[in-house]
Amino acid sequence: MQKEQNSKTSSLSILAMAGVEPYQVKADEKYMNAAQLDHFRKILEAWHHQLRGEVNRTVSHMRDDAANFPDLIDRATQEEEFSLELRNRDRERKLIKKIEKTLKKVEEDDFGYCESCNIEIGIRRLEARPTADLCIDCKMLSEIREKQISG
């Protein structure tokens with residue numbers, strides 16, 4: 001229940017950040033029509049913009065807060081904080097690339113279909129994870145294989 005609630009909160013925060021409501025599928029609506037593609041384009045562009053802002057804030061923060069502390073403990077603390085921040089930004093940089101790849105798929109009308117089996121990924125899954133490129137079944141198989149390989 002807690003995991004489901006966290007997933008729902010995470011999904012809603014992505015939607016809220018983009019300023020959109022969860023997509024309401026209409027009866028007899030074609031999957032990944034223009035309205036749905038536009039919905040996901042807004043989400044992805046807002047997410048991309050937010051992450052770019054974080055990168056810019058980090059650069060200015062590190063430039064402004066960089067100090068050569070005479071005390072070794074203070075210097076080590078600052079270096080650890082910068083290291084942690086850079087690690088987070090590196091993760092975000094990879095996510096930005098994935099968002100850009102997904103936006104390209106939206107532009108090419110190749111968005112919303114599993115790269116492995118080519119079935120529909122689903123609106124709710126894509127709202128929870130807009131960069132998903134595998135359906136839930138293929139993703140689960142992929143994770144099982146990954147666990148078996150890593151031991």
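The values are calculated or read from the model by the stated rules, or taken from the named source; none is laboratory data. Since we're looking at a predicted model, the values are computed, not measured. A quick note on method: Cβ atoms are made from the backbone with ideal geometry, for glycine too, and the neighbour counts reach across all protein chains shown. Please note that ligands, DNA and RNA were not included when accessible areas were found on the heavy atoms of the full protein model with its side chains. Shrake-Rupley method; radii C 1.70, N 1.55, O 1.52, S 1.80 Å.
Structural remarks
- Carbon plus sulfur fraction of accessible area for the chain, probe 1.4 Å, in percent: 52 percent
- Rounded D (µm²/s) - region 76-128, Kirkwood Rh over Cα pairs, Stokes-Einstein at 25 °C, 0.890 mPa s: 183 µm²/s
- Between region 18-95 and region 116-147, the alpha-carbon center distance in angstrom: 22 Å
- Accessible area expressed per residue, the chain, with surrounding protein chains retained (probe 1.4 Å, Å²): 69 Å²
- Over the chain, DSSP H runs of length four or greater, each weighted -39,500 (n - 2.57), average out per residue to a 222 nm ellipticity of -24500 deg cm²/dmol.
- Restricting the GluC sites (Glu not before Pro) of region 89-150 to loop positions (DSSP other than H, G, I, E, B) with no more than 11 neighbouring Cβ atoms within 10 Å leaves Glu108.
- Quarter the surface of the alpha carbon convex hull of region 31-110 and you get the mean projected area, 5.8 square nanometres.
- The count of lysine pairs in the chain that are at least 8 places apart or cross chains, and whose C-alpha atoms lie under 21 Å apart, stands at 23.
- Principal-axis tilt of helix 2-18 within the chain, Cα atoms, nearest 10 degrees: 90 degrees
- Diffusion coefficient, µm² s⁻¹, Stokes-Einstein with Kirkwood Rh over alpha-carbon pairs of the chain at 20 °C and 1.002 mPa s: 119 µm²/s
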